[in-house]
Amino acid sequence: MRMDRDHAHQLLSASHPRMAALIARSRRYEIQPAVSLRPFDALAESIAYQQLNGKAAATIWNRVRALYPKAKWLDPEKVLATSDERLRAAGLSRAKTAALKDLAAKTIDGTVPSGRALLRMSDDEIIARLTQVRGIGRWTVEMLLLFDLGRPDVWPVDDYGVRKGFAKTFGKRKLPTPKQLMNIGEKWRPYRSVAAWYFWRALDDAP
């Protein structure tokens, strides 16, 4: 489904003057669906980045990739054949090593669909399939849906930045709970990805 961005901006802006003001002053929603997506590579990188700052995670991820020189894409069979010791030496924790191996195994057995298969699946189907992988939670899959697949109606209510951006935009002293945010977000269907984008932008100029 291609997104009508003009319609998305009109709908969100009409929902509240503060939302309109946020959109007017922010960098425009610019997510484009990836032309080709390898779920194994995207999720492997997500696992490496979990709970680390960007620079530290990038260093570790580059070391992991260096274990497979000349390979444009990671091969799940080769990852599965790599000893835990080598992956740990690259900087992955024991839990992340186990998660990466489980991701490789579930890619080989078809639990993790191909990129082409993902394009034909609904958001809920993708979340149900990918969260079967050890170490992959709903939030990680939502980021894949939102940023890699460019799905228009992803609403990551557990995301701290979205909750904080909402509170800042609407002058709330307390962050909304995920359940509250789920209810609030109903008015932004079917463009909740765009709403999330602008709540992240609300924090770009945060003191």
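The values are calculated or read from the model by the stated rules, or taken from the named source; none is laboratory data. This structure is a prediction, so every number in the text was calculated from the model and none was measured. Reconstructed Cβ throughout: ideal geometry from the backbone, glycine too, with neighbour counts over all protein chains shown. Surface areas here come from the heavy atoms of the whole protein model, side chains and all, with no ligands, DNA or RNA. Shrake-Rupley method; radii C 1.70, N 1.55, O 1.52, S 1.80 Å.
A compact table of results
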quantity: Sole exception among (1) open to solvent by 70 Å² or more (accessible area, probe 1.4 Å); (2) out of contact with any helix residue (DSSP H, G or I) (no Cβ under 9 Å at 6 or more places or on another chain) for GLU77, by number; calculated: (2)
quantity: Residues (in contact (Cβ under 8 Å) with a residue 24 or more places away in the chain and open to solvent by 70 Å² or more (accessible area, probe 1.4 Å)) located in the stretch 90-131; calculated: ILE108, LEU119
quantity: Evaluation of ILE47 against (1) closer than 28 Å to TYR191 by Cα; (2) open to solvent by 30 Å² or more (accessible area, probe 1.4 Å) (one fails), failing number; calculated: (2)
quantity: Residue count for the stretch 1-31, restricted to those that are in contact (Cβ under 8 Å) with a residue 40 or more places away in the chain and farther than 22 Å from PHE147 by Cα; calculated: 3
quantity: From the options ILE127, ILE108, residue that is β-branched (Val, Ile, Thr) and within 15 Å of the chain's Cα centre (by Cα); calculated: ILE127
quantity: Within the stretch 103-136, considering residues that are touching a Phe, Trp or Tyr at 6+ places or on another chain (Cβ under 8 Å) and assigned to a helix (DSSP H, G or I), the one nearest to LEU52 (Cα to Cα); calculated: LEU103
quantity: Residue among ALA71, ALA34, ALA57 that alone is surrounded by fewer than 16 Cβ atoms within 10 Å (Cβ to Cβ) and either within 20 Å of ASP204 (Cα to Cα) or without any contact (Cβ under 8 Å) to a residue 40 or more places away in the chain (or both); calculated: ALA71
quantity: Residue match in the stretch 158-170 (condition: closer than 30 Å to PRO113 by Cβ and assigned to a loop (DSSP other than H, G, I, E, B)); calculated: yes
quantity: Residue list for the stretch 141-171, filter: acidic (Asp, Glu), more than 15 Å from PRO190 (Cα to Cα) and in contact (Cβ under 8 Å) with a residue 40 or more places away in the chain; calculated: ASP148
quantity: Residues located in the stretch 178-198, provided they are touching a residue at least 60 places away in the same chain (Cβ under 8 Å) and either part of a helix (DSSP H, G or I) or acidic (Asp, Glu) (or both); calculated: LYS187, TRP188, SER193, VAL194, ALA195, TRP197, TYR198
quantity: Which listed residue, of PHE166, PHE147, is under 28 Å from ASN53 (Cβ atoms), open to solvent by less than 60 Å² (accessible area, probe 1.4 Å) and among the aromatic types (Phe, Trp, Tyr); calculated: PHE166
